[in-house]
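Asks: Structure provided below as structure tokens; questions to follow.
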Amino acid sequence: MITPDTLPLLLFLLGLGLAAVFFVRPTTATREGKILAFVGLFLFPLLCSAVGFSAHMEHSKTTTFCLSCHIMESFGKSLYVDDSHYIAAAHFQHHRVPADEACYTCHTDYVLYGGIRAKWRGMRHVYVQYLGKPPAPAAIQLYTPYNNRECLHCHLGARSFEESATHTAIHDDIVSNQVSCISSGCHDTVHNVASLANVKFWKGAP
Amino acid sequence: MTTSRIIDRHVRIAAVLVAAGLFVELLVLRGVRPAAFLIFVLAGIPLVTAGVLVFLYSLVSVRN
């Protein structure tokens, strides 16, 4: 049956089949041959590559993808901490961020082309992972301090956010990123991977 | 070699490159890890692109 999952597969098999035809009988003398060659050696290869590329772009947003590198393991574990003060855990466990795209949902930039920027940072991670010197997990830092914009993308205007007296008192400073949401004393516990040895985990932990 | 034979040879080379590229791309299509993406971009796409370029070249290379 043709589903969104099997469609790319089908395209690739067709593409391979067409290419094979031209390997066995590379005749483009006839009109039909020319048209078929154009389809098999131009349209299909490009179409398949584009479909494949966009599939990889989708994969790169998944929690599985982020956690496929060993170095991110403890960040994955931090999603299962049994303590709602752990911001990442509190969002992940209650599906306040989509569970299968948890990391990406918080770590993309909510601006025009933010998704592309996030993927570009991802390429830098790949570079460091394979060709550079990866730091210890607990020593990893964001390239730029976490921007309130990302939290506010979901929380601004929401009743639970706006009705908090603390938020109201410094509303402008929060919105302008003068005072960080994760300032000490506020929502300052996010992943805290250095302290994971001493915490309890929720049952779903890997 | 006759003109059409030269074209045929180019088409055959293009077909091999395209097939090899598509095969590599297919192998890593379902991979949800950076290595799969890298192989797709650094091996699959260049092979397919080379094949397509050889094919296009075969169209313009020989004047009839």
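Readers should treat all values here as calculations from the given coordinates under stated rules, not as data from a laboratory. The structure displayed is predicted, hence computed values, not measured ones. Glycine also receives a Cβ, built like all others from the backbone with ideal geometry; neighbour counts cover every protein chain displayed.
Asks: Stretched out fully, how many nm does the piece from A:ALA197 to A:ASN147 gain, at 0.36 nm a residue minus the Cα gap?
Replies: 15.2 nm
Asks: As a footprinting exposure proxy, order A:HIS85, A:HIS91 by other Cβ within 10 Å, with the fewest listed first.
Replies: Final ranking by Cβ density, sparse to dense: A:HIS85, A:HIS91.
Asks: For chain A, compute the number of Lys pairs whose alpha carbons are separated by less than 22 Å, excluding pairs fewer than 8 positions apart on the same chain.
Replies: 5
Asks: Test of understanding: ordering A:LYS200, A:LYS133, A:LYS34, A:LYS61 by Cβ neighbours within 10 Å, fewest first, what list do you get?
Replies: With the fewest neighbours first, A:LYS200, A:LYS133, A:LYS34, A:LYS61 line up as A:LYS133, A:LYS200, A:LYS34, A:LYS61.
Asks: Provide Rg over Rh for chain A; use the alpha carbon set for both Rg and the Kirkwood Rh (inverse mean inverse pair distance).
Replies: 1.14
Asks: Once the mean 1/r over all distinct Cα pairs of the stretch A:90-198 is inverted, what Kirkwood radius in angstroms do you read off?
Replies: By the Kirkwood definition, the hydrodynamic radius is 15.9 Å.
Asks: How much net charge surrounds B:ALA36 when only the other residues with a Cβ under 14 Å from the Cβ of B:ALA36 are counted, with Lys and Arg +1 and Asp and Glu -1?
Replies: 0
Asks: For chain B, compute the orientation-averaged projected area of the C-alpha convex hull (one quarter of its surface), in nm².
Replies: 4.1
Asks: Now, a different point. Note down the relative contact order for the stretch B:16-60 as a percent, whole number, built from C-alpha pairs under 8 angstrom at least six residues apart.
Replies: For the stretch B:16-60, the relative contact order is 50 percent.
Asks: Could you state the angle between the C-alpha long axis of helix A:7-24 and the longest principal axis of the C-alpha atoms of chain A, as a value from 0 to 90 degrees rounded to the nearest 10?
Replies: Taking the Cα atoms of chain A, the angle to A:7-24 is about 30 degrees.
Asks: Considering only C-alpha atoms, what is the centroid distance from the stretch A:80-130 to chain B, in Å?
Replies: Measuring centre to centre over Cα atoms gives 36 Å.
Asks: Taking the alpha-carbon set of the stretch A:1-67, what are its Rg and Dmax in Å?
Replies: 15.5, 52
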